[in-house]
Structure formats: C-alpha cells, structure tokens
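Here, each number is a calculation from the coordinates, and none is a lab measurement. Please read all numbers here as calculations on a predicted model, not as lab measurements. Every residue, glycine among them, receives a Cβ derived from its backbone with ideal geometry; neighbour counts consider all protein chains shown.
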Amino acid sequence: MRKRLTITAMKKMKQERNAISVVTAYDYPSAKLAEEAGIDVILVGDSLGNVVLGYDTTIPVTIDDIVYHTRAVARGAQHTFIVADMPFMTYGIGRESTLRNAAKIMQEGGAQAVKLEGGADIAEDVAALVKAGIPVMGHIGLTPQSVHQLGGYKVQGKLDQEAERLLQDAKALEEAGAFSIVLELVTEPLATLISESLSIPVIGIGAGRGCDGQVLVYHDILQYASPYFEKKFVKTYADIGSTIRHAIESYVADVKTGAFPGEEHSFQAQAKPAAVDSLYGGGAQAGEGKSKPGSGASKEGVGLS
C-alpha cells in the first residue's frame, strides 16, 4: 500500500530533482483514478467553478463547494496528499475568519493543506495559518480570483518590474512558512529563476520546464469538456469528451430503435407464475381472478400497477 506524500518528502524531491506530479480532481471517481495512476498530489482547485459548476470564473465558488468536493476526493484518494483551495474572500478578511475558514476545509473536507492566491500581501495570513498548524501552498503569477483586476488571463512576468515583484512575492511566501508555491502562466526564465531561488518546491502550470513539478486540470488532460478549447501550456492525453458523447449518442439510438434493452439485458423466469394469470383475470375457469367482496384481491392488483 502506498504511503501519502509528506511536506518533508516533497522538499526532498526538489533537492533530488524528482519532479512532483499534481493534478486537480473534484469527485470520488476522478480522485480514485488519479491515485491509482500514481499521482503525487491532488489539488481540489476552485477551478471546479469553471469545469464542473459551469461558471465563467472561479469567483462564485464558495467554501461549502470546496468542502463538499474535497470530502468526495478524500474518500477516493485515501493515500494521496490533498490540497484544497481557499475560495475568493475566505482569507485576507481578518485573521480570525481566515483561520476559521481554513480549519473548516481541513476538518470537514479532509484536506492535508490549503492553497491561497497572493504574494507578500497575504504573507501575514500564511504565517498565521502555519503557526496554527495548517500547511499552506502559495499561488502567484496569474491568480484567477483576481482575473478582473489583472485584466484577463494573461502571461505574467514579461516586464522587469513584474518579474521582480513575483520573485519578491515568492520569497515572502517562503519566509511566511509556505511549503510550496504554484506558479501560473509565468515566463519560463522567471519561473526557473524563482525555482532556483527557493528551497521549497515550485509547481508550474504554464510556467515552463524549470519548475520542481507540474500541475494540470483533470479535464484539460482528458479533453473532458464540450466544447474543448485548446491551451498552449496543456498537453492532452485522451479525448474523453468525444468518447462520452459518442457513447451516449449510441445509447440514445439503441433506445429509439429498441435495440436496448436486448434479451441479454432482461431477466426471465423459468416458468410463468400461476398468480400472474389470476391477478389479471386470465385464469382457465370462468370468473377466476375476479375479486370477491372482502377478498382483498383488488388491493393486491393495485399494488402491482
């Protein structure tokens, strides 16, 4: 039986240049399949708002959404390290509220760590969570919860000033006690520099080859969407969306034509029960099966309809 990865083990993986594999998952079967495939870390991301709940952004995702989905993932992946996102406006709104919301995700959801978006501006919150015994993964670069403020989904760190700010944000998160950082949509040279500058693992998504690990969204890896929009930083490994669509189309056609259910999908009795004829008035003798006053036969007939 595999053992759940630990924070210490992840740091050692960075030192040994053993890349850390991370994937999002939002339900029991996805998590179970990911664990069976040997994934190192599962992230219950607020990206579930986009790919599972049908929102345009992650902003509408609530803490109850995260707890609900994390609980399902924890049941499916009992031997995998699980990180859960803290949704929009569940942190950075006061120390007590931040601690309470993180504790809810850990206690009710069953996660081993939480993830927060932001850099130096949330370092104090990160430090408070770590002090309370809650492991924290940081997230800088493109931060989807701030997509309106950033002006859309754009690559970060192209300008020298942006790059310097991201490097300082990464160092601030490390100093605050974060055990790892996600870098999203950041130029490859900057991501490499940040990874080399920190002692904690840096997990990239659209950040190139210089990170200590990679994370992708489950639905992107499998093209589990309709329509599926290709992304430059994603490599897809299957087209599950088309497979599902075609399978359901075949099912619909079989139902319409009567091809399903077939004899092999039906249950047959060895002999026709005699009671069937009597209940529906098909007995051999005249009057057989007719209910007599007070006999209760009509009640039995009603009960089968």
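If we count every other residue with Cβ under 15 angstrom of His246's Cβ, Lys/Arg +1 and Asp/Glu -1, where does the sum land? Provide the component values of the computation, followed by the final result.
Working: positive: Arg245; negative: Asp239, Glu249, Asp254.
With Lys, Arg at +1 and Asp, Glu at -1, the neighbours total -2.
Based on Cβ point charges of +1 for Lys and Arg and -1 for Asp and Glu, what charge dipole magnitude is obtained for segment 39-94 about its Cα centre, in debye rounded to the nearest 20? Intermediate values should be presented prior to the final figure.
Details: 2 positive and 6 negative charges, 40 e Å.
Here the size comes out at about 200 debye.
List the relative contact order of segment 7-241 as a percent without decimals, with contacts defined as Cα pairs under 8 Å and 6+ residues apart. Mind showing how you got there, number by number?
Values: 482 pairs, mean separation 39.7, N = 235.
Value for segment 7-241: 17 percent.
About its Cα centre, what dipole magnitude does the chain give when the only charges are +1 on Lys and Arg Cβ and -1 on Asp and Glu Cβ, stated in debye to the nearest 20?
On the way: 29 positive and 36 negative charges, 139 e Å.
In debye, rounded to 20, the chain gives about 660.
Where does the charge balance sit around Glu16 when Lys and Arg score +1, Asp and Glu -1, over other residues with C-beta under 14 Å from its C-beta? Show your work: numbers first, answer last.
On the way: positive: Lys11, Lys12, Lys14, Arg17; negative: Asp40, Asp212.
Spelling it out: positives minus negatives among the neighbours equals +2.
If each DSSP helix of 4+ residues adds -39,500 (n - 2.57) and the sum is divided by the residues in the chain, what number results at 222 nm, nearest 500 deg cm²/dmol? Don't skip to the answer; put the middle values down first.
On the way: 13 runs with 122 residues, N = 305.
The helix contribution divided over the chain gives -11500 deg cm²/dmol.
Translational diffusion coefficient of the chain at 4 °C, 1.567 mPa s, Stokes-Einstein with Kirkwood Rh over Cα pairs, in µm²/s as a whole number. Mind showing how you got there, number by number?
Numbers: Rh = 22.4 Å.
Result for D is 58 µm²/s.
Out of residues 5 or more away from Gln156 or on other chains, whose amide H comes under 5 Å of its own, with H placed 1.01 Å from N in the peptide plane?
Close amide H contacts, sequence-distant or interchain: Leu142, Val186, Thr187.
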